[in-house]
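Peer 1: Take this structure first; my questions come after.
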């Protein structure tokens with residue numbers, strides 16, 4: 001297999017179809033095991049270049065430039081910033097929805113052009129597949145101008161959420177004092193979530209192509225990040241106070257926090273008058289590690 005030439009099965013194309021089915025199956029199966037798809041090395045190299053340049057490089061430049069976390073080559077400054085991961089999720093959804101991410105190129109059955117996606121979903125008159133017949137206002141199988149508007153609106157709101165800077169909150173500052181980039185403004189996530197659901201009700205292909213089963217829950221979480229960050233901050237503050245209180249108690253008594261807890265008091269029946277009942281005697285035997 002060369003860089004530009006593929007590796008085809010060693011068969012005579014003129015007489016191959018005249019051979020028995022099992023013989024043809026064996027020849028093709030053995031070739032698939034040894035050479036796989038048989039495509040030239042240029043094809044997988046194209047995917048590697050696309051991943052490194054389009055997704056990682058361009059995505060890192062775009063995200064770091066719009067998030068105030070330093071230059072893209074200063075990885076030590078932004079690798080642990082929450083907004084970077086938020087925007088990388090949205091960047092992934094955007095590329096998937098455009099059609100240049102996972103299902104792209106020859107290995108996905110697309111040759112000329114290598115990109116389907118937006119070339120069809122942004123054009124009226126193409127085929128669409130509604131998920132359920134019972135959903136109102138989804139009759140038909142032809143893409144309309146309204147479908148195109150929903151799709152382009154979804155892409156535009158995703159891009160806006162990526163390009164706009166983050167917003168800081170008091171709870172986030174309390175939990176992460178050194179954070180200056182903030183998080184994606186939660187209201188910016190409402191529009192893409194709603195538009196993605198509407199696009200999916202009109203055409204399930206777009207909904208699946210955007211990998212909604214993976215990224216829609218994350219987008220919902222980003223939309224509620226203000227409330228969740230407040231809850232996280234309260235829990236973090238209570239945990240920190242408890243740790244400080246436990247540590248100070250241990251320093252005062254000269255013991256560890258685990259041993260500073262006073263032992264439990266003995267059962268009340270031990271100090272009460274009268275013989276213990278059967279259940280009390282059984283509890284006493286079990287507490288001493290003996291059996292009757």
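Peer 1: What is the order of 203, 185, fewest Cβ neighbours within 10 Å to most?
Peer 2: 185, 203
Peer 1: What order do you get for 168, 212 when you list them from fewest to most C-beta neighbours inside 10 Å?
Peer 2: In increasing order of surrounding Cβ atoms, one gets 168, 212.
Peer 1: Take every Cα pair under 8 Å in segment 46-169 that's 6+ residues apart, average their separations, divide by the length, and report that relative contact order as a whole percent.
Peer 2: It comes to 25 percent, rounded to a whole number.
Peer 1: So, one more: Over 15 Å, how big is the tail of the calculated P(r) for segment 30-93, in percent of all Cα pairs?
Peer 2: 60 percent
Peer 1: In whole angstrom, and with the biggest value first, how far do the Cα coordinates of segment 17-60 range along each principal axis?
Peer 2: In descending order, the Cα extents are 54, 15, 13 Å.
Peer 1: Modelled label-to-label distance, residue 133 and residue 190, 7 Å Cα→beta-carbon offset: nm?
Peer 2: Calculated label separation equals 3.6 nm.
Peer 1: If the viscosity is 1.002 mPa s and the temperature 20 °C, what Stokes-Einstein diffusion coefficient in µm²/s follows for segment 82-237 when Rh is the Kirkwood radius over Cα pairs?
Peer 2: Translational diffusion coefficient: 127 µm²/s.
Peer 1: Working from the pairwise distances between different alpha carbons, so that the mean of 1/r is found and then inverted, what is segment 1-152's Kirkwood radius in Å?
Peer 2: 19.7 Å
Peer 1: While we're looking at this one, here's another question. Which values, in whole Å and largest first, are the semi-axes of the equivalent ellipsoid of segment 136-184 obtained as the square root of 5 times each eigenvalue of the Cα gyration tensor?
Peer 2: The three semi-axes for segment 136-184 are 40, 12, 6 Å.
Peer 1: Same structure again: Give the residues of segment 40-54 whose amide nitrogen is closer than 18 Å to a point set 7 Å from the Cα of residue 119 in the direction of its Cβ.
Peer 2: 43, 46-47, 50
Peer 1: Follow-up. Take the Cβ-Cβ distance between residue 74 and residue 49 as r, set R0 to 25 Å, and report the resulting FRET efficiency rounded to the nearest 0.05.
Peer 2: 0.55
Peer 1: Pairs of alpha-carbon atoms within less than 8 angstrom and 6+ residues apart define the contacts here; what relative contact order does segment 78-232 have, in percent?
Peer 2: Relative CO of segment 78-232 lands at 28 percent.
Peer 1: If you don't mind, there's one more thing I want to ask. For residue 111, project a label point 7 Å along Cα to C-beta. Then give me every residue of segment 37-51 with its amide nitrogen under 16 Å of that point.
Peer 2: 37-44
Peer 1: Fewest Cβ neighbours within 10 Å first, please rank 5, 157 accordingly.
Peer 2: 5, 157
Any read-out appearing in this document is the output of simple, stated calculations on the displayed coordinates, not a laboratory observation. Everything numeric here is computed off the predicted structure, so don't read it as measured data. Heads up, the Cβs are rebuilt from the backbone with ideal geometry, glycines too, and the neighbour counts pull from every protein chain shown.
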